[in-house]
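This report refers to the structure that appears directly beneath it.
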Amino acid sequence: MSETSRREVRAGLEPCLPRLWRYALALARAGDVADDLVQATCLRAIERADQFEPGTRLDRWLFAILRSIWLNEVRARRIREGGGFVDPEDILVADGAHAIESNMLASQVLREIGRLPEAQRETVLLVYGEGYSYAEAAKMLGIPIGTVMSRLAAARSALAKMK
């Protein structure tokens, strides 16, 4: 079983790279940090390929690894800076905007999404950007499906008010 897992992980990594990078960029808000997150995710996936269950969704497993690495890095940075332990919900809040596409309409939409709190931004990316169902996004984020729906409703409301 572990050889099948390793083969499936290695074969599926490359097709997932663009999606992993978009997710990492939404979390980190910086291209170089997103690159590092994707690299660390790929390394961890290869190292722990025997933990992957063949036949399940590799992308879901990779997104969970990436998010875990990101949260651990943010927590470690806060501790190094003297902030102590931080709950994930406390760190998933950020605002600001970056134009990451050359297309003006796409840039404007991404800029507005970038101004959402990080928890909403992350949920919007998973559901609307990557096409995960509410249940899949809830499982990946480790939150109830109602929280996913609430975050999306709040994000839609906030985006409707932005001009």
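The values are calculated or read from the model by the stated rules, or taken from the named source; none is laboratory data. Remember, it's a predicted structure, so these values are computed and weren't measured experimentally. Cβ atoms come from the backbone with ideal geometry, glycine included; neighbour counts cover every protein chain shown.
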Check: Of all residues in segment 115-149 being exposed (fewer than 15 other Cβ atoms within 10 Å of the Cβ), out of contact with any helix residue (DSSP H, G or I) (no Cβ under 7 Å at 6 or more places or on another chain) and more than 12 Å from Ala26 (Cβ to Cβ), which is modelled with the lowest pLDDT?
Finding: Gly131
Note to self: I'd like to check something: does segment 56-67 contain any residue that is surrounded by 20 or more Cβ atoms within 10 Å (Cβ to Cβ), assigned to a helix (DSSP H, G or I) and charged (D, E, K, R)?
What the structure shows: yes
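Which is surrounded by fewer than 18 Cβ atoms within 10 Å (Cβ to Cβ) and at pLDDT 90 or above, of Asp32, Asp50?
Numbers: Asp32 fails: at pLDDT 90 or above.
It is Asp50.
State the number of residues belonging to segment 8-18 that are buried (at least 17 other Cβ atoms within 10 Å of the Cβ) and over 16 Å from Ala40 (Cβ atoms).
Going residue by residue through segment 8-18, those that are buried (at least 17 other Cβ atoms within 10 Å of the Cβ) are 8-9, 13, 16.
In the following step, the residues that additionally are over 16 Å from Ala40 (Cβ atoms) were identified as 8.
Number satisfying all stated conditions: 1.
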Item checked: Failed criterion for Ala160 (all others in (1) at pLDDT below 85; (2) surrounded by 20 or more Cβ atoms within 10 Å (Cβ to Cβ) hold) -> (2)
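If I ask for residues that are acidic (Asp, Glu) and in contact (Cβ under 8 Å) with a residue 40 or more places away in the chain, which ones from segment 26-50 would you list?
Just the residues of segment 26-50 that are acidic (Asp, Glu), to begin with: 32, 35-36, 47, 50.
Asp50 - this is the single residue of segment 26-50 that is acidic (Asp, Glu) and in contact (Cβ under 8 Å) with a residue 40 or more places away in the chain.
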